[in-house]
Amino acid sequence: MIASFRKAIYSLGYAGGLAGLALAALPQPSTAAEAPRDLLHQLDEGFVQVFDKTAPSVVVIDVSKKGAPADEESGSGFDFFFRAPDAGLRNPLRMQEPPARSEGSGIIVRSEGYIVTNAHVINGAEKLSVKLRDGRVLPGKVVGVDDFTDIAVIKIDATGLPVAAWADSDKVRIGQLVCAIGVPYALEYSFTIGCVSGKGRSGLTPEVTPYEDYLQTSALINPGNSGGPLIDVDGKVVGMNTLVNGLNRGLAFAIPANLIKDISGQLIEKGSVSHPALGIRIETLGADSSLREQISGVEKGAVITTIEPDTPAYKSDLRPADVITAIDGVPVASAQELRRQVLSKKLGQPVALSVWRGGKELKISVTTGELPKTAATGTRSPLSEKPASSGDIEGKMGLRLGELPQSDSKLTGHGVRVTEVTPNSPAAIAGIQQEDVITEIDSKPIADLAAAHTVLGAQAGKKAVLLFLERKGQKTYGVVKIEN
């Protein structure tokens, strides 16, 4: 029946939430009038069968929390959408009072009681209970949590459970029909329909996870759907509903199925996840990139902004401001594409990077390491309140330089120290900090203060100068505009 359902969909077409199907229901002047009605009947029955096939593998997760922080409603930003059962419709996305309980959804992935859901659904939980489609309510325990991907696995003491079928999320197409099952506003096993309206969405919640590769859907999703499945017309899971941008906007996002399978498998087998990493921070090379005017000959790629200390990248030939254009021969046009490729590798696996530097393409090999459980963020040094002189190029940049301390044998003879940064100056805007060590200016190595002054003097007339920096063990860079 589901195969006929798919044929019916493709025969009628899909547009604007199936609004176009209404035309097919109009009386026709010939015997052909029965054909559209038959297709509508197939669609009607097909949707019912998709729900009946998938719903038994969906659960309701009831979470008891202690001391949950108060949140404010946000109608414009992206929000996780678990719900507080007592919230009603008054303030659906965010509770004004700390919720003692919240509900979310989950997907049964193994018949012996393993359930995948969002990490944010169960974080802070003191007690978990899981309600099955057949009405049973069983206690749950946390098997493992991966905050980097917002994926968690819990387990209940049960066997012979119906298991969700997985789709290959890499093959999902924009415009493809999808359905969602969840628990909006305590309305258990609600079923909504929409389409895949985007793929590879990122930059939505950078404070939550560095790995963002969301499917965007127009299926109506509300608080309580978090952790529930996004399914195709074959009843297979293409993703797990995770984010929503306000209510009734048709802007919802799901974690792709292939990532869920990988992460949940690791959590079930060993209780934790080891993420491969190179030890770099990156940004997309775009029109607004600070390096855009400094780089020629390459239009797309991921710019290395920082190299973390004691990482594979730090021990390699990679440098800040390098533009990575491919990994193992696979082109990368953005920071997100590079992250996705690195995530697909194994720990300890050598990878070959194509790097653009100084107008030339280089091949650099790096062996993946493990992503730290807590990514270093660094702290910004206080800016000097003493204005720098405006009579030289240092003053135009808004900084002052000094020799490195003789006691610092690791760095002495390999750069100069930033002793002052004027607030709101070009240097401050570029993120230069006091105690930064400048090791190169305009890609020229700097041994001491005299060398720095010589190279800076040659920058007169330029609009910006590229500085390579050492900062608390990190390697990074800054592009400072010159006020002429």
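The residues in region 349-373 that are farther than 18 Å from residue 302 by Cα, surrounded by fewer than 12 Cβ atoms within 10 Å (Cβ to Cβ) and not charged (D, E, K, R) can be counted, and the count is 1. Residues that are in contact with a Gly (Cβ under 6 Å, 6 or more places away or on another chain) and either part of a helix (DSSP H, G or I) or surrounded by 16 or more Cβ atoms within 10 Å (Cβ to Cβ) (or both) within region 259-276 comprise just one, 267. Taking the stated definitions as given, is residue 480 hydrophobic (A, V, I, L, M, F, W, C) and over 30 Å from residue 312 (Cβ atoms)? Considered against the rule, which asks whether it is hydrophobic (A, V, I, L, M, F, W, C) and over 30 Å from residue 312 (Cβ atoms), residue 480 comes out as no. In the set (1) modelled with pLDDT of 90 or more; (2) out of contact with any helix residue (DSSP H, G or I) (no Cβ under 9 Å at 6 or more places or on another chain); (3) of a type in the set (Gly, Ala, Ser); (4) not assigned by TED's automatic domain parsing to the domain that holds residue 193, residue 302 fails one condition alone, (2). Residues in region 427-475 that are assigned to a loop (DSSP other than H, G, I, E, B) and of a type in the set (Val, Ile, Thr): 432, 446.
Residues that are part of a loop (DSSP other than H, G, I, E, B), at pLDDT 90 or above and in contact with a strand residue (DSSP E or B) (Cβ under 8 Å, 6 or more places away or on another chain): does region 203-218 have at least one? Scanning region 203-218, I find no residue that is part of a loop (DSSP other than H, G, I, E, B), at pLDDT 90 or above and in contact with a strand residue (DSSP E or B) (Cβ under 8 Å, 6 or more places away or on another chain), so the answer is no. A single entry from 196, 183 fulfils the requirement of being out of contact with any helix residue (DSSP H, G or I) (no Cβ under 6 Å at 6 or more places or on another chain) and more than 16 Å from residue 108 (Cα to Cα): 196. Residues being buried (at least 19 other Cβ atoms within 10 Å of the Cβ) and free of Cβ contacts under 8 Å to residues at least 40 places away in the same chain: count how many of those fall in region 296-321. Qualifying residue count for the region: 3. Residue under question is residue 478, and the condition is that it be small (Gly, Ala, Ser), under 28 Å from the mean Cα position of the chain (by Cα) and not in a loop (DSSP other than H, G, I, E, B); does it hold? Answer is yes for this residue. Among the residues of region 134-164, write down those that are under 18 Å from residue 189 (Cβ atoms), surrounded by 16 or more Cβ atoms within 10 Å (Cβ to Cβ) and out of contact with any strand residue (DSSP E or B) (no Cβ under 7 Å at 6 or more places or on another chain). Correct list: empty.
Being touching a residue at least 12 places away in the same chain (Cβ under 8 Å) and touching a helix residue (DSSP H, G or I) at 6+ places or on another chain (Cβ under 7 Å) holds for only one residue in 283, 293, and it is 283. The residues in region 294-321 that are over 22 Å from the mean Cα position of the chain (by Cα) and under 18 Å from residue 361 (Cα atoms) can be counted, and the count is 12.
Kindly establish whether residue 353 is at pLDDT 90 or above and assigned to a strand (DSSP E or B). The answer is yes for residue 353. When region 110-129 is filtered for residues that are in a strand (DSSP E or B), more than 17 Å from residue 254 (Cα to Cα) and not basic (Lys, Arg), the ones remaining, listed by number, are 114, 125, 126, 128, 129.
Going by what's in this entry, would residue 67 be described as modelled with pLDDT of 50 or more, more than 25 Å from residue 232 (Cβ to Cβ) and part of a loop (DSSP other than H, G, I, E, B)?
Yes; evaluated as a whole, the condition is true for this residue.
Looking only at region 228-276, filter to residues that are of a type in the set (Gly, Ala, Ser) and modelled with pLDDT of 90 or more; which one of those is nearest to residue 152 (Cα to Cα)? My answer is 264.
Look at region 323-347: where a residue is more than 22 Å from residue 295 (Cβ to Cβ) and a partner is assigned to a helix (DSSP H, G or I) and modelled with pLDDT of 85 or more, sitting 6+ places away or on another chain with Cβ atoms under 9 Å, you get 328/341; 343/259; 343/262; 344/262.
The values are calculated or read from the model by the stated rules, or taken from the named source; none is laboratory data. This one's a predicted model, so the numbers in the text were calculated from it and none came from an experiment. All Cβ positions, even for glycine, are placed from backbone atoms using ideal geometry, and neighbour counts span all protein chains on display.
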